[in-house]
There are 2 protein chains.
Amino acid sequence: MTAFKYFQNEWTPVINEYLEKHLTADIDDQKISQIMSYSVMAGGKRLRPLLFLSTLNSLGKVITEKEVKIACGIELIHTYSLIHDDLPAMDNDDYRRGKLTSHKKWGEAEAILAGDALLPLGIQWIAEGSQSAALVEIITKAIGPNGMVGGQYLDINSTNNDSVAEDAEFINRMEWLKTGCLIQASVNMAAIYGEASQVEQVKLDDFAKMFGRAYQIYDDLVDVVETSEEAGKATHKDQEEGKNNTLTLLGIDKSRKELTDLIKQAKDDLNGLNSEVLAGFLDLYKKVL
Amino acid sequence: MTAFKYFQNEWTPVINEYLEKHLTADIDDQKISQIMSYSVMAGGKRLRPLLFLSTLNSLGKVITEKEVKIACGIELIHTYSLIHDDLPAMDNDDYRRGKLTSHKKWGEAEAILAGDALLPLGIQWIAEGSQSAALVEIITKAIGPNGMVGGQYLDINSTNNDSVAEDAEFINRMEWLKTGCLIQASVNMAAIYGEASQVEQVKLDDFAKMFGRAYQIYDDLVDVVETSEEAGKATHKDQEEGKNNTLTLLGIDKSRKELTDLIKQAKDDLNGLNSEVLAGFLDLYKKVL
């Protein structure tokens, strides 16, 4: 078993247990707790919390409940973004991870509020786990108007807009903001929290940028390579809906080539770090290559 | 001129200038900046930021740009809550403060995203201004599932539900969560940031609870006492829409009596503090008495 697989098998259940327990025990109203848990416990890969924890691991930091709490805070924020992205006014998706989306299951107001509750709760967990205003600054910048939400805004504003279909710079920027920023923040929060040296911080940040960029291309490729049963959501949907992304810009073969290059660069960035687990993350992308 | 009026006249323009400047300069995408500014600069009274600053004032803390930044962060969060409350799936309001609501002006996806951008940006400003994870914990708890969003959930879930119309405890709890929590957090953040003594913290917290409770009753009374032109939004709307609140429970006369009692208790809580400015806040409520 690779070091990554071992790490993933060890920590994924810990993350899932923490999420399930605290989304029930720490929320007063059992109905809104249930609505929030429904989406959080829908079987995500826990990519961002694992990335946070494995970056700590690469810095030799011992993982205790506090670190798991921070990691889970990131997952709450990721889940909020999925719930709002699926809303009728946004991507209008009925299924996610093989289950009805939040608004289809509970109603639109409920889905908006579940997202609105997960976002501050995620930041609360990060603040409580870390006792660090610096980590709060990293995460809030990553998901605000100059980060994730800014990317989502560019996305809704450019769908079916042919003038950006050939604009590689615009598409790169939109995709980076939408998904890259939160991935980068997961690594950078761990670098600050784990007291990385300046050199380590730079290497990890470079790795996070390559990893985040690769993730976008991977995610676009999943949309065409997998059947919807495998992906647990409607696939082949981006092109039908006039979405502009790297895949629609480059086509499948060139996207795969770029993904391969990014994986190589990301591995190079990890040179000199104790990074066996982190490097193993890049194997996730193999299934679309 | 009262001490409160003087304070209000001094700091309201400073708050407005900070908001206007930084919502333009600090946001990369000018269109989403414009959508966010539209709602933030729609002429709010800046009650929560003024409450934060005047609590600092009562503790002898000098107000500089850092403190204004924290105060303005609270206002961004308040504005996000108004934008989402107005959405078609929620209260479905067309006007707010005499202007079209965000979704009526810009579209529903845009309004959801403007709220989603204001929330983390507000927390970012609080973290950057205070460098305090403790303040982030206070604000995130106040607006999460056990705070503001929890109250909004109880509200949408109880509208047109006759079984709660006579349930004073439920209504108190819902109203407290919806508006009281954020008001209390504005005072408590200042108490921690301004290094209040234990005794001062307790007095300020008691004041904040009375003030917050009074504000809800005030806000309900505005709905029936003012014409819609004065209030800048649709009034007389709560009763028509089957909303349950203290006013529908107690009627106008008893609500006024309770408001009068709360003002007296809030003033008593301030005994022994240097609180001339804070006490003056309570005069706001006179216009519905």
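The values are calculated or read from the model by the stated rules, or taken from the named source; none is laboratory data. Model, not experiment: these values are computed from the prediction. Neighbour counts run over all protein chains shown; Cβ positions are idealised from the backbone, glycine included.
Some observations on this one:
- Test for B:Asp85: is it within 24 Å of B:Leu154 (Cβ to Cβ) and not in a helix (DSSP H, G or I): no
- Of the helices (runs of 4 or more DSSP H) that lie entirely inside region A:113-222, those containing 2 or more residues that are buried (at least 22 other Cβ atoms within 10 Å of the Cβ) and without any contact (Cβ under 8 Å) to a residue 40 or more places away in the chain span A:133-143, A:148-158.
- Residues in region B:175-218 that are of a type in the set (D, E, K, R), at pLDDT below 95 and in contact with a Phe, Trp or Tyr (Cβ under 9 Å, 6 or more places away or on another chain): B:Arg213 alone.
- If the condition is being loosely packed, with under 15 Cβ neighbours inside 10 Å and more than 14 Å from A:Val40 (Cα to Cα), then region A:94-104 contributes only A:Asp94.
- Each residue in region B:128-138 was checked for being in contact with a Gly (Cβ under 8 Å, 6 or more places away or on another chain) and at the interface with chain A (Cβ under 7 Å from one of its Cβ atoms), and 0 of them qualify.
- The criterion of at least 2 residues that are among the small types (Gly, Ala, Ser) and farther than 30 Å from A:Phe170 by Cα is met, among helices (runs of 4 or more DSSP H) falling completely within region B:1-71, by B:47-58.
- Residue in region B:81-91 that is more than 8 Å from chain A (Cβ to nearest Cβ), out of contact with any helix residue (DSSP H, G or I) (no Cβ under 7 Å at 6 or more places or on another chain), in contact (Cβ under 8 Å) with a residue 40 or more places away in the chain and of a type outside the set (A, V, I, L, M) present: no
- Residue that is nearest to A:Ala142 (Cα to Cα) [pool: residues in region A:152-175 that are of a type in the set (A, V, I, L, M) and away from chain B (no Cβ under 11 Å)]: A:Ile171
- Tally of residues being in contact (Cβ under 8 Å) with a residue 12 or more places away in the chain, out of contact with any helix residue (DSSP H, G or I) (no Cβ under 6 Å at 6 or more places or on another chain) and at the interface with chain B (Cβ under 9 Å from one of its Cβ atoms) across region A:102-111: 1
- Positions within region B:147-162 being of a type in the set (Val, Ile, Thr) and closer than 19 Å to B:Leu249 by Cβ, in sequence order: B:Ile156, B:Thr159
- For region A:175-206, the set of residues classified as among the aliphatic types (A, V, I, L, M) and closer than 26 Å to B:Ala117 by Cα consists of A:Leu177, A:Leu182, A:Ile183, A:Ala185, A:Val187, A:Met189, A:Ala190, A:Ala191, A:Ile192, listed by residue number.
Quick grid of which residues meet (1) surrounded by 24 or more Cβ atoms within 10 Å (Cβ to Cβ); (2) more than 14 Å from every other protein chain (Cβ to nearest Cβ); (3) of a type outside the set (A, V, I, L, M, F, W, C):
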residue	(1), (2), (3)
A:Tyr18	no, yes, yes
A:Thr24	no, no, yes
A:Ile27	no, no, no
A:Ser37	no, no, yes
A:Gly43	no, yes, yes
A:Arg46	no, yes, yes
A:Ile63	no, yes, no
A:Ile70	yes, no, no
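- Within region A:50-69, if we keep just the residues that are of a type in the set (S, T, N, Q) and out of contact with any Leu (no Cβ under 7 Å at 6 or more places or on another chain), the residue that is modelled with the lowest pLDDT turns out to be A:Asn57.
- Only one of the numbered conditions (1) within 18 Å of the chain's Cα centre (by Cα); (2) of a type in the set (D, E, K, R); (3) more than 7 Å from every other protein chain (Cβ to nearest Cβ) is not met by A:Lys141, and that is (3).
- Checking A:Lys99 against (1) facing chain B (nearest Cβ under 8 Å); (2) farther than 21 Å from B:Met148 by Cβ; (3) out of contact with any Asp or Glu (no Cβ under 6 Å at 6 or more places or on another chain), the condition it does not meet: (1)
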